[in-house]
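The values are calculated or read from the model by the stated rules, or taken from the named source; none is laboratory data. The shown structure was predicted, so the numbers you read here are calculated from the model rather than taken from an experiment. Heads up, the Cβs are rebuilt from the backbone with ideal geometry, glycines too, and the neighbour counts pull from every protein chain shown. Accessible surface is based on the protein model in full, side chains and every heavy atom, while ligands, DNA and RNA are left aside. Shrake-Rupley method; radii C 1.70, N 1.55, O 1.52, S 1.80 Å.
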Amino acid sequence: MSYLQEVITDVLENYPNKIDRLVFVTTGKRPALFLKKHFADQVRHATIAPEFIGIADLFNRISGVQPISNLPLLFEFYDCYTKTCKDTPDSFEEFLSWGQTALKDFSEIDQYLVNPDKIFPYIHALKEAEHWSGMDELSEMQKKHLAFWNSLGDYYFALNSKLTEMGKGYGGFIAKKAVEKLPKYLQTHTNTIHIFVGFNALSKAEQHVIQSILMDIGGEIYWDGDTYFLNNPTHDAGFFLRKYTNSWRYYQTHKPKFIQSNYEKEKELYLTGVPKSINQAHSVAELLKNTPTKALEKTALIIADENLLIPILQAVQSKTSVNITMGYPLQQTPLNDLFVAYFRLHLSKSFYHKDILNLLSQPFLHTLLKEEVVRDISQYIKTHNLTYITRKKLFESVDETEHEMLTLLFPDSKGKALITTLIDNAITLIYRLKAQIDPESNTHLLTQEYAYRFFQLFNQLKQLQEQYGYIDSVKTLYHFYLDVLQKSSLNFRGEPLEGLQVMGVLESRSLD
C-alpha cells in the first residue's frame with residue numbers, strides 16, 4: 001500500500017462519519033489528485049466527497065488575494081519604483097537587472113514573516129558598514145549604491161500598497177496576508193477538518209497557518225518523512241521533522257503521525273552507467289521498450305536534469321500515453337531561437353548580413369518562406385559583398401510575391417511604433433506557424449505546445465506595453481526577452497492517472 005493510500009485508510013478509520021467536513025491540503029495538485037483517486041477507491045458508501053487542494057490554494061482562500069503572474073508583477077513593480085524613487089529612476093532596461101531579484105527577496109521576507117520595518121534599515125546598515133573605510137570619501141557610485149539600499153524598503157511598501165489595492169499578490173505576499181486574516185478564517189470554518197498531507201520543510205507562514213488550524217479547529221498532519229530519519233538525531237533529512245515535533249505546541253497533546261517506515265525495507269535497485277547526458281535518454285528508451293504496458297501505468301520517470309526532457313520524449317516511443325508534470329524552460333525550445341534571431345536583427349538601423357541569414361535559416365521559417373527567397377537574398381549579399389543591408393535593398397533582391405512575408409520579418413516602423421510592430425508580428429508569425437501544423441499529427445504536439453506558450457507570453461507583453469509603454473527601444477525589448485521570457489517555462493497538460501508519468505524531482509514528492 002502506498003503512502004497516500006495509507007493516509008486515506010487512516011483518515012477513513014478516524015473520521016468515518018465526518019467525511020463531508022474534510023479538506024485535504026497537499027503540497028501540490030498531483031498528490032491532491034492521487035489522494036482523490038485513492039479516496040474514491042476506498043470509500044464504501046455514498047457520501048459527499050471531501051475537498052482536495054494544494055497549500056497555495058488554501059492560502060489564496062484564507063487571504064482573499066489572487067496570485068499575479070510574473071510579467072504583470074514586474075511592470076507593476078517598475079510603476080511603483082518610478083513613482084517612489086527620490087532621484088532619477090533607472091530605465092526599464094536597467095531595472096530588469098535587479099527587479100526580479102528584489103521581488104524574490106520580497107517574497108522570502110513575507111514567507112518567513114520578517115518585520116519589514118526592521119529588515120530594510122538593517123540591510124542598509126550592513127551595506128554602509130561594507131563601504132566604511134574610516135578616511136576615504138565615498139565615490140558617486142558608492143553613494144548611489146547606498147541610496148538604493150536605503151530606498152529599497154520604500155519600494156517594498158509601495159508595491160505592497162498597490163497589490164493590496166488590486167487584491168492580487170506574489171507567493172510571499174499571499175502567505176503574509178493569509179497569516180493576517182487567519183483569525184477570521186478560523187471563526188468561519190469551525191466545522192471543517194483539515195488534513196495536511198505530504199509536507200516536510202515549511203516556511204514560517206506555513207508553520208503558523210498549519211499550527212493554528214490544528215490547534216483551534218482540529219485536524220491531522222501526515223508528514224512526508226520516514227521514521228529512520230526522524231529517530232536518527234544526526235541525520236539532516238530529519239532536521240525539520242525533529243524541530244517541529246519538539247517545538248510545536250500541538251505535539252504536547254498529540255503524537256506525530258508518520259505513516260512511512262520504508263527506508264530500511266529491502267528493495268531492488270538497478271543502476272545503469274552511461275557516458276554523456278544524451279545517452280541517458282537512449283538508455284531510458286531501451287528500458288521502457290522492454291517494460292509491459294501494465295507496468296508502465298505504475299512507472300514514474302523522474303528527470304533530474306530538466307534539459308533532458310525533450311531528448312527523452314523524442315527517444316521514448318511509448319506503448320502508452322505519457323503525462324508530463326515538470327515545467328520545461330522556454331529557453332530550451334527550438335522556437336526560442338527564432339525569436340532571439342528576430343529581435344536581435346533589429347538592434348541596429350541597418351541589418352547585419354549574418355543576422356539576416358541566421359534568421360532566414362531558422363527551421364520554423366522553412367514552411368513559411370520559399371527556399372528560393374533565402375537563396376536569392378544570400379546570393380545578393382555575396383554578389384555585392386555587403387556587410388550591412390538596408391530594408392529597401394533586401395526587398396529588391398526577391399520577387400514581389402514574397403514581400404508580404406518579408407514585411408513581417410523586416411517591418412517598416414521606427415521608434416516606439418517599431419516595438420509594438422515587432423510584438424504584433426511575433427504573434428502573427430505564431431499564427432502562421434500554427435496554420436502549417438497538422439493538429440492531428442502526434443509528431444507536432446510539442447510544436448503546438450511551444451507555439452501556444454509563446455503566444456500567451458507575447459499577448460500578455462502586448463497588453464502590458466499598451467498599458468504602460470515602458471519598453472522604449474528594441475535594445476530594451478531584446479534584453480527584456482532574454483531576461484524574462486526565457487526564464488518562463490512550458491507547462492505540459494495531460495492525464496495524471498494514466499500512462500507513463502514523467503516528472504522532475506520536486507514533482508515526485510508524496511509519491512513512493
> Of the residues that make up the range 415-431, is at least one open to solvent by 60 Å² or more (accessible area, probe 1.4 Å) and part of a loop (DSSP other than H, G, I, E, B)?
Replying inline: no
> Scanning the range 476-493 for residues that are buried (at least 18 other Cβ atoms within 10 Å of the Cβ) and in contact with a strand residue (DSSP E or B) (Cβ under 7 Å, 6 or more places away or on another chain), which turns out modelled with the highest pLDDT?
Replying inline: Leu490
> If we only count helices (runs of 4 or more DSSP H) wholly inside the range 288-370, which ones have 2 or more residues that are surrounded by 13 or more Cβ atoms within 10 Å (Cβ to Cβ)?
Replying inline: 309-315, 334-345, 353-360
> Restricting attention to the range 464-479, does a residue exist that is closer than 19 Å to Tyr328 by Cβ and of a type outside the set (Lys, Arg)?
Replying inline: no
>> So Lys83 ticks every box in (1) in a helix (DSSP H, G or I); (2) surrounded by 13 or more Cβ atoms within 10 Å (Cβ to Cβ) but one. Which box is left unticked?
In response: (2)
> So, of the residues in the range 18-54 that are in contact (Cβ under 8 Å) with a residue 12 or more places away in the chain, farther than 21 Å from Ile324 by Cα and in a loop (DSSP other than H, G, I, E, B), which turns out to be most open to solvent (accessible area, probe 1.4 Å)?
Replying inline: Ile48
>> Being modelled with pLDDT of 90 or more, in contact with a Leu (Cβ under 7 Å, 6 or more places away or on another chain) and crowded, with 16+ Cβ neighbours inside 10 Å is the requirement here; does Tyr222 meet it?
In response: no
> Which ones in the range 1-17 are open to solvent by less than 30 Å² (accessible area, probe 1.4 Å) and among the aliphatic types (A, V, I, L, M)?
Replying inline: Leu4, Val7, Ile8, Val11
>> Taking the criterion of being surrounded by fewer than 21 Cβ atoms within 10 Å (Cβ to Cβ), outside any strand (DSSP E or B), touching a Ser or Thr at 6+ places or on another chain (Cβ under 7 Å) and free of Cβ contacts under 8 Å to residues at least 40 places away in the same chain, would at least one residue in the range 184-192 satisfy it?
In response: yes
>> Looking only at the range 211-223, how many residues end up being touching a residue at least 60 places away in the same chain (Cβ under 8 Å) and part of a helix (DSSP H, G or I)?
In response: 0
> Hey, does the range 63-79 have a residue that's over 30 Å from Tyr481 (Cβ atoms) and part of a helix (DSSP H, G or I)?
Replying inline: yes
